[in-house]
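Single-structure report; data block below.
The values are calculated or read from the model by the stated rules, or taken from the named source; none is laboratory data. As the structure is a prediction and not an experimental result, all values here were calculated from the model. Every residue, glycine among them, receives a Cβ derived from its backbone with ideal geometry; neighbour counts consider all protein chains shown.
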Amino acid sequence: MAFAVVLAGCNEGGMDAPSIILDTDMGNDIDDALALAAMNRYIDMGRVKVLAIGMSKEGAEAAEYTDIVQTWYGHGDIPIGRVSGNTGPKTTGEHYTHKTCALKDETGAPLFARTNGTGQTPPLTDELYRRVLAKQKDHSVTFVTVGFSTNMASLLETQADDISPLSGKELVAQKVKTLVMMAGNMAKEQGEFNVTEDIVAARKVFDEWPTPIVTSPFELGVRVCFPHERVKDIGERQPNPVAEGYRFYQGSEYNACSWDPTALIYAVEGENPNYYTLSPAGTIWVDEAGITRFMPPHQGEVTLRFMLLKLKFKTHSKRNTKHRYLIANDEQVAALTQRLVELVTAR
């Protein structure tokens, strides 16, 4: 038994660690912070290499809060980028990021340390992502976006420069293996926040992104709820910036729906049947209202043309039939929830 436990531990850290870029709208929901906590646990386990973290939301506090979390977990060296596009939503009001960044200790000094310091302006994600991608092996990077598609669409629009002779779309095609997204609703014909907040970008990404795409849809994450009783256990010590953000967001009695961590867990752990089932490969379309629809590959060209006309696509790129989405039954949701709690409360 002891040998089996040791062997399991060796396998956990010895698996091939994917290289990821995380793109987040930090501050709109606490599940972005939970995803960040889980990601840092994966780093400590040797399960992932994080190349960069980008903000798809305007506002200095999103990047500053992310810097605080990364510094707290000992990974403040990962570069952080600010939103590049201008089609996304504007930041309004105070979020848990703002409130956590403003916390002071008993001496009046900032409660949480920063790696980048306050008032520093992060680079635009266009430049950051191009620099990071240009240095990677071909087809080696997993993009994980748990916010708006703003930065992904903007990256596709970039042109050849002194960083790379490739356009953004060519660079993605050469360096990226998969795009994993928290996006869409495959159970009902209704808009989902990450899509509807930047419909222009979402439509562009689903239509033009040159690699396979896997989405974790709304109907999965709404069933994966972090138990409020475990907030006090986030991280190995308190105060913890994720726990403080959680309390600011909806209070300590809130069981947080965890859409974003489901995408991250898939990006790191891959096709684990304990947690989810992958849909067949097909095509995901986004209409002008931000509603996502899945088209199986067996549907013919006539159906495709009708769908494009219905969704008001004037033109379309070569049809990508490598879109899939995550599905989970009750047992898988329970296991996925347990895995999230393990990652976020690890000591």
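Key figures for this structure:
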| item | result |
| --- | --- |
| Any hit, segment 319-330, residues being at pLDDT 95 or above, farther than 22 Å from G290 by Cβ, polar (S, T, N, Q) and buried (at least 16 other Cβ atoms within 10 Å of the Cβ) | no |
| Residue count for segment 240-255, restricted to those that are more than 22 Å from A102 (Cα to Cα) and either charged (D, E, K, R) or surrounded by 24 or more Cβ atoms within 10 Å (Cβ to Cβ) (or both) | 1 |
| Top-ranked residue in segment 16-59 [being in a helix (DSSP H, G or I), without any contact (Cβ under 8 Å) to a residue 60 or more places away in the chain and hydrophobic (A, V, I, L, M, F, W, C); ranked as surrounded by the fewest Cβ atoms within 10 Å (Cβ to Cβ)] | M45 |
| Residue ID - surrounded by the fewest Cβ atoms within 10 Å (Cβ to Cβ), chosen from residues in segment 129-149 that are among the small types (G, A, S) and in a loop (DSSP other than H, G, I, E, B) | S140 |
| Scan of segment 135-186 for residues that are basic (K, R) and either touching a residue at least 40 places away in the same chain (Cβ under 8 Å) or closer than 25 Å to A281 by Cβ (or both), ordered by number | K137, K169, K175, K177 |
| Selection status of N255, at pLDDT 95 or above and out of contact with any helix residue (DSSP H, G or I) (no Cβ under 7 Å at 6 or more places or on another chain) | no |
| Set M181, M152, M186: member being at pLDDT 95 or above, surrounded by 16 or more Cβ atoms within 10 Å (Cβ to Cβ) and over 24 Å from D67 (Cα atoms) | M186 |
| Matching residues in segment 65-97 - criterion: being modelled with pLDDT of 95 or more and farther than 22 Å from S252 by Cα | D67, Q70, T71, G74, H75, G76, D77, I78, P79, I80, G81 |
| Residue count, segment 218-239 (criterion: buried (at least 22 other Cβ atoms within 10 Å of the Cβ) and touching a residue at least 24 places away in the same chain (Cβ under 8 Å)) | 6 |
| When residues of segment 193-212 are limited to those that are buried (at least 21 other Cβ atoms within 10 Å of the Cβ) and among the aliphatic types (A, V, I, L, M), the one farthest from E157 (Cα to Cα) | V195 |
| Criterion violated by V195 - all others in (1) of a type outside the set (K, R); (2) in contact (Cβ under 8 Å) with a residue 24 or more places away in the chain; (3) farther than 29 Å from F294 by Cα satisfied | (3) |
| Restricting segment 165-178 to residues that are within 18 Å of L128 (Cβ to Cβ) and touching a Pro at 6+ places or on another chain (Cβ under 7 Å), the residue that is surrounded by the most Cβ atoms within 10 Å (Cβ to Cβ) | V172 |
| A35 being among the aliphatic types (A, V, I, L, M) and either modelled with pLDDT under 95 or touching a Pro at 6+ places or on another chain (Cβ under 7 Å) (or both) | yes |
